[in-house]
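The values are calculated or read from the model by the stated rules, or taken from the named source; none is laboratory data. Keep in mind that this is a model prediction, so the values were computed, not measured. Neighbour counts run over all protein chains shown; Cβ positions are idealised from the backbone, glycine included. Just the protein is used for accessible areas: all its heavy atoms, side chains included, with ligands, DNA and RNA removed. Shrake-Rupley method; radii C 1.70, N 1.55, O 1.52, S 1.80 Å.
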Amino acid sequence: IMAPKTTTTTTRVGDDDDGQQQQQRGGGGGGVRPIDADSVHRICSGQVILDVASCAKELLENSLDAGATNVEIRVKEFGLECVEVSDNGSGVAREDVPLLTQKYATSKLREFKDLEKVGTFGFRGEALSSLCGTCRRLVVTTRTASEDSGLRVTFDKNGNIETEEICARSVGTTVRVEELFQPLPVRRKQFERNKAKEYGKLLRVLQGYALASETSRCRFVATHQQGKNGARQTVLQCRATCSSLNGEGRNKNGFRDRVASVFGARAAESVFEIDFCLEREKSIDEIEVEEDEDEDYRFGRCKGWVSLPGLENKITSARASADRQFFYVNGRPVDYPKIAKTLNETFRAYTATMTNANYPSCALNFEVPKHLVDVNVSPDKRTVMFTNEHDVLMYFRNGIKKSFEHAAGGNGERGSADGLVRNFRATGVDLSQVPNAPPEHADAMVDTPNGMTIDSKDFEVVDDDDNGEDVNATPALLPMPPIKIKMEDLEEPTRVSADAPTQQQQQQQQ
């Protein structure tokens, strides 16, 4: 007779406690449960609206997507009290008003493949819904061209309609966000503590959209009011730049007008326009043969404006920080640190002034095929990815180098005195070690301060004047090939008396 099998049960320390905790929570067999809809709404809303700048960004994008040509942004108490954006766009139909604050409800796309051809700033359909979960009250006033009166609707924290009334309103939409982060005590306290800093971020976001080429036909006005009865101050105002078009159908000085409106006339005078292809260098055979524009060597274009390099006696709009650098991909404002790093490194190489202004002001738009870029990376849509990032960065570096060289004068070999200093600073040559010679002895033998005699044929004579008309100009001897010195040509070191002239005096005499 065989004994029955016994089952041994191993109990880990803490299992009984976990089971008791689950029973106390009313748990059944398992501990995994779906989160209730209200908690999901509040959790996800905090990921979309990070600060007051992202709040204004979402409202501004909705206005631009509605075809607005006049946008007004009103801020009270650095955004603590309210942020309001009003436009003259197409408005919202009354049957669509209840869907405004519904999660993932949008008119921008219908299915995932539409992302490859989306041309609007927003497409996720979660901006207004997230704002409802992060503020005390959301008020929307709208009217379409087919309606005789406007409609004012108030939404609660879950996106449901609280009140609805008829009001007077021109065609367009006004969205008012009151007491941002009031349901989130920690973020609200952080916002109150750093309100000036957060307000500065908001202004930079507004500046970025005002400088975008996609918004050149829109007028922006931003005002700020401090105190209950304080005066309203205009902090940003720029008009539409769609007049005085050139033969190609675009405003030849529109970008300069926008820069002057946002940063002042002085900054507008020290920037220049750039426009180059992001493509590899073509061989002679490829230049002779006409090729289609959709070849694999072409990755789009880079258009915009950038500060002039800092040269002696030249005005530059470069800054000591990167607070005036704006980048766009197909008109969408983005954050791309690798592009910014490439631009800053190239700009420093072509700058001759010894100042801290190493960050050029710029607004650069990368027009790339939409199938080569992914814009759905982060909820705020400011992070993008390129399919061929290495090629885009390499072609951008080559193009921006040529743009700086062309704007400052010279072609890397022969140019003005400023171009001379710039080119040798870029190559790392110390100009203080380059010997100078009078014009009448330019073709003769040159005695260096070290006592060596060097033939001037080993140097290239570069005149300060590009046209060669200045007879008083002093040529500079620039080292072309490396100088080879034989050991037997070197003299024995000799002692120098105290009365002997110093090396600096010898250089002045020569």
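General observations
- Estimated FRET transfer efficiency when R0 is 35 angstrom, pair S146-R204 (beta carbons, to 0.05): 0.40
- Modelled label positions at K370 and E111, each set 7 Å beyond Cα in the direction of Cβ, lie 1.6 nm from each other.
- With all protein chains kept in place, the per residue accessible area of the range 100-251 amounts to 54 square angstrom at a probe of 1.4 angstrom.
- A320 paired with Q190, simple spin-label distance in nm, labels 7 Å along Cα-to-beta-carbon: 2.8 nm
- Length gained on full extension, R136 to A407, computed as 0.36 nm times the residue gap minus the Cα-Cα distance: 92.4 nm.
- Once the chain from K228 to A340 is taken as fully extended at 0.36 nm per residue, the excess over their C-alpha distance is 36.2 nm.
- 1.4 Å probe accessible area per residue over the range 349-399, in Å²: 44 Å²
- Between E178 and K197, the modelled labels are 3.0 nm apart [label points 7 Å from Cα along Cα→Cβ].
- In a fully extended conformation the segment linking A265 and I161 would gain 32.7 nm over its present Cα-Cα distance, using 0.36 nm per residue.
- Most tightly packed first, judged by the mean number of other beta-carbon atoms within 10 Å of their residues, the peptides 331-338, 33-40, 135-142 read 135-142, 331-338, 33-40.
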